[in-house]
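The values are calculated or read from the model by the stated rules, or taken from the named source; none is laboratory data. Only a predicted model underlies this, so the values are computations on that prediction, with no experimental measurement involved. Using ideal geometry, Cβ is built from the backbone for each residue, glycine included, and neighbour counts are taken over all protein chains shown. We work out accessible area using only protein heavy atoms, side chains counted, and drop any ligands, DNA or RNA first. Shrake-Rupley method; radii C 1.70, N 1.55, O 1.52, S 1.80 Å.
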Number of protein chains: 2
Amino acid sequence: MSQRDSQRLFGKGYKFKIFKMVSQPGQFATQEEIKIQGSRGELKLRIVGPVRQDTQIELAATDCYKLGIKPVLRVSGKVKGTPGAVLIGPKGRNKIKQGVIVAQRHLHLAPNEAKSLKLKSGQLVSVKIKGPRELIFDNVIVRSGAGHKKSFQLDTDEGNACGWMPGIKGELIK
Amino acid sequence: MSQRDSQRLFGKGYKFKIFKMVSQPGQFATQEEIKIQGSRGELKLRIVGPVRQDTQIELAATDCYKLGIKPVLRVSGKVKGTPGAVLIGPKGRNKIKQGVIVAQRHLHLAPNEAKSLKLKSGQLVSVKIKGPRELIFDNVIVRSGAGHKKSFQLDTDEGNACGWMPGIKGELIK
């Protein structure tokens, strides 16, 4: 969420409270939630802090259909031309013109992790998930650089499609 | 839906109205809808007619989590030991003790189609879906016999995970 949207939805100078730290260093889910409203319905969303340059909402396609928002697959950060929505916070609402994406599945790696795997940021790899819903995800984009840490990130549709559960392992296929 | 559950939810002698025919010969989605209730919420469901031996509810895992029902992966028809739920129709409600499944992805084939592909009912195959969310689904079970017709069946989680849209093609990998 951008500083500007944070002010509109939560008021000037508001500071988010940490709910829990997430996989990427320094990032956290907030205790605060907002609502996103589309043409067909609304959903509650949790925010990932700290504030960023642009507001971006990552949804599973299942949730896009429920909200009446066209699912548009994008690498995180590439929000130009994506659908908008109405965001509702405790102190106000804001109609954003773009920013709703279905995130392309990706593999975060710290620079030394990428180096030891001989992978470069932006490269596409495949990941095999074993189990009763075994599958191979192609088109997994490597995202590496300062502030990244090893984490394979799927949305809920993808997690469910491969039968993800705590402890499940993936195998990197170059 | 079983005849017995149909009577409980819609009244004795009720006949479902056809909304549209579905892929398997003689089967249709009904105009009528019911509600399914779990510990966390409820959802509307459409029925596939005609009535069957046992009531079975096929849900995507996303919807299981929303309803508060444990997702249990099963081949269609194998409902023993699966979670139950409350079903609500216009004339009554019924608490079923089992019957909610996440359907194992499957490939329906008519007997002559299976024969020409050298596949047997029960065999596991893989299906590759191309496009921006390209992936290979393993553990696709072949279901063949009288009354089956070629159709590759995924749930909404799986469809979204592979970027399904009308016209998308899959490649059978044995």
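Let me know the whole percent of all Cα-Cα pairs from the stretch A:53-132 that are separated by more than 19 Å. Roughly 53 percent, rounded to a whole number.
Of all lysines in the structure, the ones whose alpha carbon falls short of 27 Å from that of B:LYS149, not counting any fewer than 8 places away in one chain, are B:LYS15, B:LYS17, B:LYS20, B:LYS78, B:LYS80, B:LYS115, B:LYS118, B:LYS120, B:LYS128, B:LYS130, B:LYS169, B:LYS174.
Can you give the Rg to Rh ratio for the stretch A:99-174, taking only C-alpha atoms and Rh from Kirkwood?
Rg divided by Rh gives 0.97.
A viscosity of 0.692 mPa s and a temperature of 37 °C, combined with the Kirkwood radius over C-alpha pairs in the Stokes-Einstein formula, give the stretch B:1-101 a diffusion coefficient of 238 µm²/s. Using just its DSSP H runs of length 4 or more, each adding -39500 (n - 2.57), chain A gives a mean residue ellipticity at 222 nm of -4000 deg cm²/dmol after division by all residues. For A:HIS106, the amide hydrogen comes within under 5 Å of the amide hydrogens of A:ILE141, A:GLN153, counting only partners 5 or more places away or on other chains and with H modelled in the peptide plane. The amide H of A:GLN27, built 1.01 Å from its N in the peptide plane, has A:VAL22 as neighbours under 5 Å, considering only residues 5 or more places off or on other chains. Between A:ASP54 and B:LYS91, the simple spin-label model (points 7 angstrom out along Cα→Cβ) gives 5.6 nm.
Which of the residues in the stretch B:150-165 show a loss of at least 20 Å² in accessible area from their chain by itself to the complete set of protein chains, at a probe of 1.4 Å? At a threshold of 20 Å² (probe 1.4 Å), the residues of the stretch B:150-165 that become less exposed are B:ASP157, B:GLU158, B:ASN160, B:ALA161. Carbon-plus-sulfur accessible fraction, chain A (probe radius 1.4 Å, protein heavy atoms only): 53%. The residue among A:GLN53, B:MET165, B:SER116 whose Cα reaches farthest toward the positive pole of the charge dipole of the protein assembly as shown, with charges on the beta-carbon of Lys, Arg, Asp and Glu, is A:GLN53. Structural descriptor for chain B: relative contact order 20 percent, calculated from alpha carbon pairs under 8 angstrom and at least 6 residues apart. The GNM of chain A, with springs linking C-alpha atoms under 10 angstrom apart, assigns the highest mean-square fluctuation among A:ALA146, A:ALA114, A:ALA85 to A:ALA146.
Buried accessible area for the B:A pair, summed, 1.4 Å probe, in Å² rounded to 100?
2000
Placing unit charges on the Cβ atoms only, positive for Lys and Arg and negative for Asp and Glu, gives the protein assembly as shown a dipole magnitude near 320 debye about its Cα centre. According to the Kirkwood relation over distinct C-alpha pairs, the hydrodynamic radius of chain B is 17.3 Å. Summarising the strand pairing of chain A, around 75 percent of its internal DSSP beta bridges are antiparallel. Inter-copy label distances for A:GLU42: 2.2 nm (label point placed 7 Å from Cα along Cα→Cβ; shortest first).
Surface analysis of the stretch B:18-174 yields an accessible area of 54 Å² per residue, using protein heavy atoms and a 1.4 Å probe. The Rg/Rh ratio for the protein assembly as shown is 1.00, where Rg is the radius of gyration of the alpha carbons and Rh is the Kirkwood radius. Eigen-decomposition of the gyration tensor built on the alpha-carbon atoms of the stretch A:27-70 gives equivalent ellipsoid semi-axes of 21, 11, 9 angstrom, largest listed first.
Look at the alpha carbon pairs under 8 Å that are at least 6 residues apart: their mean separation over the length of the stretch A:84-155 gives a relative contact order of 36 percent.
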